[in-house]
Amino acid sequence: MAGNFWQSSHCRQWLLEPHEIESDAVKNDREFIMNKLYKGQVPDLANSEEGEENYRKIIILFANVIQAIGEQLKSRQQVIATATVYFRRFYVRNSFSSCDPLLMAPTCLFLASKVEESGQISQNRLINAMTQIVRCKFRDVFHMISDYPYRNSNILECEFYLLELMDCCLIIYHPYRPLLQFLQDLNIKESDDRLSLMAWRVLNDSYRSDVMLQYPPYMIALAALHMSGIQLNYMERQVHGRPKLSDWFAELSLDLKQLAKITKDILNMYGVWAKFPDDRLMAKLYDSMPKAQSESRITR
């Protein structure tokens, strides 16, 4: 493990440029989804706002699936966050058709639990949790799946595929620790403080966007703190003798353009999430995704 973020593989290999986020795999998946939804009758929908929104809804859906698995298995939030980053890394460079996301999602959590040293998840418990989630919590979305089709051997095979894609770059630097340091600098020590609670919530939600693939974790933490301060009207107020947030931010040497970009990306994600369709329409969107071949759940 690198001693700091700037020396790490996270920084050197996995902070991606916008054109890397908009990879051929992502563009092809968007085109496939829109052609399936509109039966090819409307041209060039893949690059439309609707095409981008539908793809983001699918990413949010599987982030929610990973969250649900982790909560059922009582995994720490950092394990869930790491798994969500692994999932997004994989599909920014691979099509949904290369590996079923319903297999990749639990595999990411299985690997993340080992990397974050929280105790390896039993494969049987993982399969049972995924089966319950498909059958119960998301039954209307995955209505075409009568029984979860994967077993322990599939998880292990998929794990090797995931490791290969990430070139064994497994250490994720999360924005949680920088946020904690910033809160301490602001003399916020109570875990139930309104600013603290909202900033943590924004950070957790931000994993449904692409900011973890593009920006340093300390900047994401600052963006979450800034957004929360504006929402709570704390920027120009002194609360319990603390410095005004606007004064605190003014003392920092910040790339304000980058802060604005992160904020915009998170707000755009919230905008898509707010339009999240009901389960019946989400099922239609899921059914439009390119699927892995049934005879080979993982294709190279």
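The values are calculated or read from the model by the stated rules, or taken from the named source; none is laboratory data. All of these numbers come straight from a predicted model, not from anything done at the bench. Note that we place each Cβ from the backbone using ideal geometry, even for glycine, and neighbour counts take in every protein chain shown.
For the range 197-217, state whether one or more residues are aliphatic (A, V, I, L, M), without any contact (Cβ under 8 Å) to a residue 24 or more places away in the chain and not assigned by TED's automatic domain parsing to the domain that holds Glu117. Among the residues of the range 197-217, at least one is aliphatic (A, V, I, L, M), without any contact (Cβ under 8 Å) to a residue 24 or more places away in the chain and not assigned by TED's automatic domain parsing to the domain that holds Glu117, which makes the answer yes. For the range 159-173, a residue qualifies if it is out of contact with any Pro (no Cβ under 8 Å at 6 or more places or on another chain) and under 18 Å from Val79 (Cα atoms), and the qualifying residues are Glu159, Leu162, Leu163, Met166, Cys168, Cys169, Leu170, Ile171, Ile172. Checking each residue in the range 226-266 for being acidic (Asp, Glu) and either surrounded by fewer than 16 Cβ atoms within 10 Å (Cβ to Cβ) or closer than 23 Å to Asp193 by Cα (or both) picks out Glu236, Asp247, Glu251, Asp255.
With respect to the conditions (1) touching a residue at least 60 places away in the same chain (Cβ under 8 Å); (2) under 30 Å from Phe249 (Cβ atoms); (3) surrounded by fewer than 14 Cβ atoms within 10 Å (Cβ to Cβ), Asp167 lacks only one, and its number is (2). None of Gln132, Gln67, Gln78, Gln120 is part of a loop (DSSP other than H, G, I, E, B) and either of a type in the set (Val, Ile, Thr) or not assigned by TED's automatic domain parsing to the domain that holds Ser206 (or both) except Gln120. Determine whether the range 153-160 contains at least one residue that is at pLDDT 90 or above and more than 29 Å from Cys11 (Cα to Cα). Yes, the range 153-160 contains at least one residue that is at pLDDT 90 or above and more than 29 Å from Cys11 (Cα to Cα).
To keep it simple, each residue is scored yes or no on (1) closer than 24 Å to Leu225 by Cβ; (2) buried (at least 16 other Cβ atoms within 10 Å of the Cβ); (3) touching a Phe, Trp or Tyr at 6+ places or on another chain (Cβ under 7 Å).
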site: Met130; (1), (2), (3): no, yes, yes
site: Arg139; (1), (2), (3): no, no, no
site: Leu163; (1), (2), (3): no, no, no
site: Tyr176; (1), (2), (3): yes, yes, no
site: Gln184; (1), (2), (3): yes, no, no
site: Arg201; (1), (2), (3): yes, no, no
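Within the range 69-100, the residues that satisfy the criterion of being under 13 Å from the mean Cα position of the chain (by Cα) and over 16 Å from Ser206 (Cα atoms) are Phe90, Tyr91, Val92. Looking only at residues that are touching a residue at least 24 places away in the same chain (Cβ under 8 Å) and part of a helix (DSSP H, G or I) in the range 145-155, which one is nearest to the chain's Cα centre (by Cα)? So the residue we want is Ile155.
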